[in-house]
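This report refers to the structure that appears directly beneath it.
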Amino acid sequence: MKQWQQKQAKIGRREVKKILTNGAGTGSSGVSSGSGGGGGSSGDGVDAFARAVAKVAVSQLCEATGFHGLQRSAVEILADIALRYLSDLGKAAHSYANLSGRTECNALDVVLAMEDLGLAGAAETSHCVSNSGALRDVMRYVEYAEEIPFARPVPHFPVSKKRVPTPSFAQLGETPPHLHIPSWLPAFPDPRTYCQTPLWDERKSDPCLDKLEQAQQYQKAEQSLSSLHLQLSTQGALASDGLKNPQNLVTSSLGDSQLVSRQQWPSREQDASSDKAALEAHSSKGKVKRPAALAHNTFLAPPLPAGEKEVSHITPFRGIAEVDKWKQDSAGPVTLPSVLEVFAPALKPVNKDIEVVNSGSRSLEEKPGRLISEMKDRMPVCLTFDWGQKTHTKAMAAKLSLARTVSPPSTKRGRGNTLSWKEEEKDEKCKRAKQILAQAMEES
Amino acid sequence: MNAVITHNPSGEPPQVHSDAALLDFLSSLLDYTPTIPDELAEHYLSRSGFQCPDIRVTRLVSIAAQKFIGEIASDALQYCKSRQAAATKDKKGHQHGKEKRLVLTTEDLSAALPEYGVNIHHQEYFADSPTAGTAPSQKTND
């Protein structure tokens, strides 16, 4: 009892220190006291699990006693005490069994250990073990105390990893290399695991040769692609002919293969792909084989004539009122209105702006058509934000410069009637510009 | 099973004891499931050298430990209740009907454990640094 008390005194302090430094639950604590076999480094994980399980059991016991809540440090202390008690009981029982000349413990050893560890029973030497006070106390406890089974099922631990041993010579069917080695011993490792063996394929790679080869391959690929393109275009032309005259398909040389291809296109798909691969490899034979290959290729097959395959009807867009016009013109090409006609309403205010700038000259209003034509020729716009005399002079200067710039390009283009008309326009512009300038100078 | 005859040095007549009670008890242990699971007990007992194929003996050990912990817990409960009663007495009985939560604290444990041979010194408070809690005039760094 005293020994155990002394032990616990030391342990208690150490345990509390550990708890304060948040070391609880990791590794062995104070095993130097002698309880247990001494936790090794491999037992750390097992210890943590065992401690957790013990904590749960202890908290269950406290709950049964009547506590509503537990402090974590208190739980850890109690769990540690419980585990130490278990270990001490086991150690004492084992030593009693050894004392009797046995290796396996029995119930009487345990009872003696219980007495040793100071359960409430009296420590007397004269009475029989089965009548010991400790045992009686435990029996009484079992009778009166409530049975509290552990909350969760606990798996068997520690879980040891099953190691597959190295097979022996006999198991592998090998004969040991030397006479002195028996066949039931584990076999030697392969020599390649500890010796550097020579490589099997040493391909001499010449960078120049490699590049040449690569260039040749590219050339071949290009040739095959260009010839394929040619064949595609010719086949396309033939296909369009074939649509109008289905009978011609039978007569034309390509037509045969085309007809065949259309009928059997699911089965020929694989052939087409394989043929294509063969094509690219042998460019010399390509031209002879290509028509046949193309005929097999479903992607290059001629389109189906209208009505052969049911297609969902597509309703045209009904956004603008001019769609009716399009319906009438459905036979011929669709005539879309020109951009200028569509955006004519937007252009009108633009013309007005230009008139505001040139407020001095009213003559421009009479010729809006000229402005539009000028717009077509991409008139450069000079923007100024100040209003007054200066703007007028600036605008006139800009116009004059325009007149000069427009005339040289028109002479370059100048062919036919447009040339004379533009020259006349130019003269008129110059006169007008001069007039406006004169007026502006008079006003200033 | 066997009758054990012990010779007493004091000269009293030999006492014939039977292990019947122990045997009955052991057989009853098969029905009783201790709170400490068997696997945990077996692990720690094997670490200390205890070797027994009989599960009942292992259960006996785990029940002994369970009893030990239960006694400590009940003692701690007594301390806790007495502390609460002392607190309510000071506050002049406005909280007679109200029961506060019973929480097992390290203080109660440290009061209950010396009886069982465990001396725990519980730290009352913790300080972050050596100068924590000292007067501001003594602090050199701010």
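Every number in this text was worked out from the coordinates using simple rules, so none of it is lab data. A quick note: this is a predicted structure, and the numbers were derived from the prediction, not measured. Note: ideal-geometry Cβ built from the backbone for every residue, glycine included; neighbour counts use all protein chains shown.
Structure summary
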quantity: Prolate/oblate/rounded call for the stretch A:62-197, Cα gyration tensor, a/c under 1.5 rounded; calculated: prolate
quantity: Of A:Lys394/A:Lys429; A:Lys55/B:Lys67; B:Lys67/B:Lys89; B:Lys67/B:Lys91; A:Lys55/A:Lys91; A:Lys55/A:Lys162, pairs whose Cα-Cα distance is over 25 Å; calculated: B:Lys67/B:Lys89; B:Lys67/B:Lys91; A:Lys55/A:Lys162
quantity: Ranked A:Ile436, A:Ile181, A:Ile77, A:Ile314, criterion: other C-beta atoms within 10 Å, fewest first; calculated: A:Ile314, A:Ile181, A:Ile436, A:Ile77
quantity: Cα gyration tensor of the stretch A:141-205 - equivalent ellipsoid semi-axes, whole Å, descending; calculated: 57, 22, 8
quantity: For A:Met114, A:Met441, A:Met139, A:Met396, order by how many other beta-carbon atoms lie within 10 Å, fewest first; calculated: A:Met441, A:Met139, A:Met396, A:Met114
quantity: At 1.306 mPa s and 10 °C, Stokes diffusion of the stretch B:44-126 via Kirkwood alpha-carbon radius, µm² per second; calculated: 101 µm²/s
